[in-house]
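Report on the following structure.
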Amino acid sequence: MKPGVYHYPQCYEVAFSYRDILAELAVFNTLIDRHSDIPVSNVLELGCGPAPYVEALTQHGYAYTGLDLSQVMLQYARHRTDQRNLNAEFQLGDMLDFQLDKPMDFAFLLLGSLFIRNTSDLISHFDCVARTLRPGGLYLLEQCVAFAPFIERTFTWELSQEGIAVKTTFHVKPLSHVDQTAEETLTLEVSHHNTTKVLQEVWLRRLIFPQEFLMFIANRNDFEFVGWWKNWSLAQPLDNFQANNRSIVLVKRVQNKRGLRAPHGA
Ligand SMILES: C[S@@+](CC[C@H](N)C(=O)[O-])C[C@H]1O[C@@H](n2cnc3c(N)ncnc32)[C@H](O)[C@@H]1O
């Protein structure tokens, strides 16, 4: 078995360094200005990994909390924020079953990091976010709704930073149309000085299809759908699938949306 990608935060960061973090921060801020019903002073990143957005967010004035299942990632993220004395804290935890000791004003999850294997995982995740997010607060998810056709696909790209060159391959193999599951494999071929190593993560993902997502949110009493856009561009609402689309989806935590009464005896 190859060593895991999430055990090498620096290599992971090189692989995903194509992002324009300041431009994405501007999108966060615009969405907050337009759609949040509450002022935002703290933000929560689920599956935060090395916390690549923490500098931008804390410099903007937000207090940052990152939650991740990987000790190695959190150690790397903590080192980065301690060195710069940033207003950030981290919690080891599972995004499918977590609780924070304080409510959050805004939550986000990037790069398709919603690691669910089945429908119960999806429900548990949104239950946890609902418990954590203040009513009126927003939850932004990137690449979590499957807008692309459910077919076998491979993406490859190469990037380098500070002498570390990484060739990344992301492979999606549909497993079951009935369960909406796919096996996803992330492989990093890393070259540094004269050494090379291959890192790999393989996981099973339960996909969420677009109309299913709308119905899922519509049927929840604690969230409402706000919008979805292509490639972090608020000028491009999602109409049709485009390759390499970094789609974002926004929902809002609401209180008792339809005024539903608790069932008898509850
Ligand atoms: C693709 S990385 C994203 C990291 C970071 N958010 C970014 O934008 O670069 C996914 C992260 O999710 C974490 N992760 C995977 N399953 C998780 C779970 N069930 N709960 C919390 N974190 C999880 C991994 O450890 C990894 O750090």
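The values are calculated or read from the model by the stated rules, or taken from the named source; none is laboratory data. Predicted model only: the values in this text are computed from it and were never measured. Neighbour counts are summed over all protein chains in view; Cβ atoms, including those assigned to glycine, are modelled from backbone coordinates with ideal geometry. Surface accessibility is based on the protein's heavy atoms, side chains included, excluding ligands, DNA and RNA. Shrake-Rupley method; radii C 1.70, N 1.55, O 1.52, S 1.80 Å.
Structure notes:
- The residues of segment 103-134 that are over 22 Å from Q255 (Cα atoms) and assigned to a loop (DSSP other than H, G, I, E, B), listed by number, are L110, L111, G112, S113, L114, F115, I116, R117, N118.
- Checking I116, I123 one by one, the residue that is closer than 19 Å to F213 by Cα, among the aliphatic types (A, V, I, L, M) and open to solvent by 40 Å² or more (accessible area, probe 1.4 Å) is I123 and no other.
- Across segment 135-158, the number of residues qualifying as part of a strand (DSSP E or B) and at positive phi comes to 1.
- Residues (under 14 Å from S17 (Cα atoms), within 21 Å of the chain's Cα centre (by Cα) and surrounded by 14 or more Cβ atoms within 10 Å (Cβ to Cβ)) located in segment 151-171: T168
- Residues of segment 17-37 that are more than 12 Å from the ligand (Cβ to nearest atom) and among the hydrophobic types (A, V, I, L, M, F, W, C): L22, A23, L25, A26, V27, F28, L31, I32.
- Within segment 242-266, tally of residues that are open to solvent by less than 80 Å² (accessible area, probe 1.4 Å) and either modelled with pLDDT of 65 or more or not assigned by TED's automatic domain parsing to the domain that holds Q143 (or both): 14
- From F147, F108, F115, F98, residue being at pLDDT below 95 and closer than 24 Å to L204 by Cβ: F147
- Residue match in segment 1-16 (condition: among the charged types (D, E, K, R) and modelled with pLDDT under 95): yes
- Of all residues in segment 172-229, those satisfying the criterion of being among the aliphatic types (A, V, I, L, M), touching a residue at least 40 places away in the same chain (Cβ under 8 Å) and surrounded by 18 or more Cβ atoms within 10 Å (Cβ to Cβ) are L186, L188, V190, L199, L207, I208.
- Where V40 falls short, out of the listed (1) open to solvent by 20 Å² or more (accessible area, probe 1.4 Å); (2) within 10 Å of the ligand (Cβ to nearest atom): (2)
- There is at least one residue in segment 142-161 that is in contact with a strand residue (DSSP E or B) (Cβ under 6 Å, 6 or more places away or on another chain) and under 30 Å from Q255 (Cβ atoms).
- Picking from residues in segment 43-73 that are surrounded by fewer than 20 Cβ atoms within 10 Å (Cβ to Cβ) and aliphatic (A, V, I, L, M), the one that is farthest from F98 (Cα to Cα) is A56.
- When segment 43-98 is filtered for residues that are of a type in the set (S, T, Y) and more than 10 Å from the ligand (Cβ to nearest atom), the ones remaining, listed by number, are T58, Y62, Y64, T65, T81.
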